[in-house]
Amino acid sequence: MGTGPLPKVTPAQLLAECHVAKDLIPSGTVGRKYYRPMKPTYVTIHATENKTGNAWQHALALKRGALRATKRPGGNRIGFLTWHFTVQQDVAVQHLPCREQGEHADFDGPGNNYSIGIEMCEHYGNDLGQTIDRTAKLAAYLMYTYNIPLGHVVPHYHWPRISPYIKQPHKDCPHFLLDNGRPGRTWQWFLNRVNTHYQRIIPGPAQPLG
Ligand SMILES: [Zn+2]
């Protein structure tokens, strides 16, 4: 990445820069056993807090149904954790269509009902700067494609987890983009990065990531 202004891009060119690799959980299985359509109006940013698993390993775990959660009222709704993308330095692996709900934010709250969930990898050897920039590009592409405003790109922290099983409703996630566990200067820096990529877009048709 140079220091000069970034080149303008068509939506297709920005998508190519994101390097999205589709590796969906098969429809009708594990975390997609129930079809739950969604009209996305937010993007929620997470960090894996996993020092060993890369994006492909998260994809495999999701497809195998290995990421289980207790299904219960006021908690997880399907018995599995799911989200839409896992980003690492060189790729953004897609697990769910953007038109389906995930299970990554706030149980039966708006974070799950209306947002596209993106996990950022932090395994050893992964370049975090490249991961964050790829995530910013992907968020910008999703904003453009689904008509989502910058103010609707939020950290997991944004969604209170209202549940008898949770003591701390606002999760420190993504921890490395928050300051003292809450959005501050670092989060604002990230949003500026998202907006920088969004402003590069030359209007034109965009391909939904269905
Ligand atoms: Zn999170």
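The values are calculated or read from the model by the stated rules, or taken from the named source; none is laboratory data. For clarity, every value in this text was computed on a predicted model and none was experimentally measured. Methodologically, a virtual Cβ is constructed for each residue, glycine included, from the backbone with ideal geometry; neighbour enumeration extends over all protein chains shown.
Residue under question is PRO7, and the condition is that it be closer than 19 Å to ILE116 by Cα and modelled with pLDDT of 95 or more; does it hold?
No.
Quick check on my filter: what residues within region 34-59 are under 14 Å from LEU24 (Cα atoms) and either over 17 Å from the mean Cα position of the chain (by Cα) or within 16 Å of the ligand (Cβ to nearest atom) (or both)?
First, the residues of region 34-59 that are under 14 Å from LEU24 (Cα atoms): 35, 55-59.
Those that are under 14 Å from LEU24 (Cα atoms) and either over 17 Å from the mean Cα position of the chain (by Cα) or within 16 Å of the ligand (Cβ to nearest atom) (or both): TYR35, ALA55, HIS58.
Need pairs with beta-carbon distance below 7 Å; first residue among the small types (Gly, Ala, Ser) and within region 36-56, second within 15 Å of the ligand (Cβ to nearest atom) and not in a strand (DSSP E or B); sequence gap 6+ or separate chains.
Listed by first residue and then by second, the contacts come to ALA47/GLU122; ALA47/CYS173; ALA47/PRO174; ALA47/HIS175; ALA47/PHE176; ALA55/CYS121.
Check whether at least one residue in region 150-167 is touching a helix residue (DSSP H, G or I) at 6+ places or on another chain (Cβ under 7 Å) and away from the ligand (no atom under 16 Å from the Cβ), and report yes or no.
Yes.
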